[in-house]
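Comments concern the structure below.
Please treat every number below as a calculation from the coordinates, not as lab data. Please read all numbers here as calculations on a predicted model, not as lab measurements. FYI the Cβ positions are ideal-geometry reconstructions off the backbone, even for glycines, and counts take in every protein chain you see.
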Amino acid sequence: MAGIVKKTLLLLLSLALFAPAMRAEEITVAAAADLNYALKDLAARFEHQTGNKVTLSFGASGNFFSQIQSGAPYDLFFSADMDYPKKLAAAGLVESASLRVYAIGHLVLWVPNSSNLDPQKLNMDLLLQPAVQRIAIANPQHAPYGRAAMAALDHFALKDRVANKLVLGENISQAAQFVQSGNAQAGLIALSLAMSPAMNNAGKYWELPADSYPEMMQGVAILSSSKHKSAAQAFIDYISSAEGAAVLQQYGFRVPSPQ
């Protein structure tokens, strides 16, 4: 009897020792707002395949940059550009070896279906129409898509002509909400949002020429302070896989060539 009890205690002790290694990990992710739908889809697939949990926070890349500088406890940072992750890498706040381009974003001119204006026919001249009183863009101070929008307006010599019409969203997702809700009559938003389930059938859009704004190389990196680097790297690897790339393309992103 004593031997059985001893063996049982040893078994329980072994399980207790190995339990942490068997336990699924949870990673926290700071992500640019243009990823709102694509990354939720990717995270759900990753969780199903690995058992790890992914907690997502979406917002302006510049705001997350400031939060990470102040010690915010994220594991991963998905930016809408490469500048913010590179600056964090230079400061030692993210792992330089983990930094990579995960996607290339696109800018579109979007109007709701209720609009009589056709962006495919009018292109950027749509913004000059009397019916367009407000144009939604992301705040260029901390949102890469906002800076891209301003560059496009400059490219088409419209920046001064529509300056008094601009309304700024805190991030590109909020800018999309402004135009979707009717608080703006047109918006320069991310293609990934225009193609999302929430907006795909609610409006019409024209994709801006690639040479009208700087190429939107979007970067990801693991925070140096992360306690879940292996799980974070596994998530990056999944997004870089053929399956992950296919999901990103489904939401309108281009993906970089395999390295």
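What relative contact order, as a whole-number percentage, does the chain give when Cα pairs under 8 Å and 6 or more residues apart are counted?
It comes to 28 percent, rounded to a whole number.
As I understand it, the value is the acute angle between the Cα axis of helix 2-22 and the longest principal axis of the Cα atoms of the chain; what does it come to in degrees, rounded to 10?
So the inclination is approximately 20 degrees.
May I ask you to derive the FRET efficiency for residue 50 and residue 133 from their Cβ-Cβ distance with R0 = 41 Å, giving the value to the nearest 0.05?
Working from the Cβ atoms, E equals 0.25.
Going by average Cβ neighbours within 10 Å, how do the peptides 245-255, 197-207, 179-189 rank, with the highest at the top?
My ranking of the peptides, most packed first, is 179-189, 245-255, 197-207.
May I ask for the angle, rounded to the nearest 10°, between helix 38-50 and the longest principal axis of the chain, with both axes built from Cα atoms and the value confined to 0 to 90°?
Orientation of helix 38-50: about 20 degrees from the principal axis.
Under a point-charge model restricted to the Cβ atoms of Lys and Arg (+1) and Asp and Glu (-1), what is the dipole moment magnitude of the chain relative to its Cα centre, in debye to the nearest 20?
580 debye
Averaging the inverse of every distinct alpha carbon separation and then flipping it gives the Kirkwood radius. What is it for region 54-171, in angstrom units?
16.3 Å
From the residues 191, 105, 137, which one has its Cα farthest along the dipole of region 105-212 in the positive direction, the dipole being from +1 and -1 charges on Cβ of Lys/Arg and Asp/Glu about the Cα centre?
Most positive-ward Cα: 137.
For the cross-link pairs 86/227; 87/204; 165/204; 40/229, which exceed 25 Å when the distance is taken from alpha carbon to alpha carbon?
Over 25 Å Cα-Cα: 87/204.
What is the distance in Å between the Cα centres of region 147-212 and region 217-248?
If you average the Cα positions of each part, the centres end up 28 Å apart.
Roughly how tilted is helix 172-181, in degrees to the nearest 10 and between 0 and 90, from the longest Cα axis of the chain?
Helix 172-181 sits roughly 50 degrees off the main axis of the chain.
Express the relative contact order of region 105-212 as a whole percentage, based on alpha carbon pairs under 8 Å and six or more residues apart in sequence.
Rounded, it is 45 percent for region 105-212.
How large is log10 of I(q)/I(0) for the chain at q = 0.18 Å⁻¹ when the intensity is taken from the Debye formula with one equal scatterer per alpha-carbon?
One equal scatterer on each Cα of the chain leads to -1.32.
Which order do peptides 129-139, 145-155 fall in by mean Cβ count within 10 Å, highest first?
Going from most to least packed, we get 145-155, 129-139.
Looking at region 105-212, send over the antiparallel percent of its DSSP beta bridges, to the nearest 5.
Here the share of antiparallel DSSP bridges comes out near 60 percent.
Express as a percent, rounded to the nearest 5, the fraction of DSSP beta bridges in the chain (both residues included) that run antiparallel.
Of all bridge pairs located within the chain, approximately 55 percent are antiparallel.
Using the Cα centre of region 105-212 as the reference point, and only Cβ charges (+1 on K/R, -1 on D/E), how large is the resulting charge dipole? Debye, rounded to the nearest 20.
180 debye
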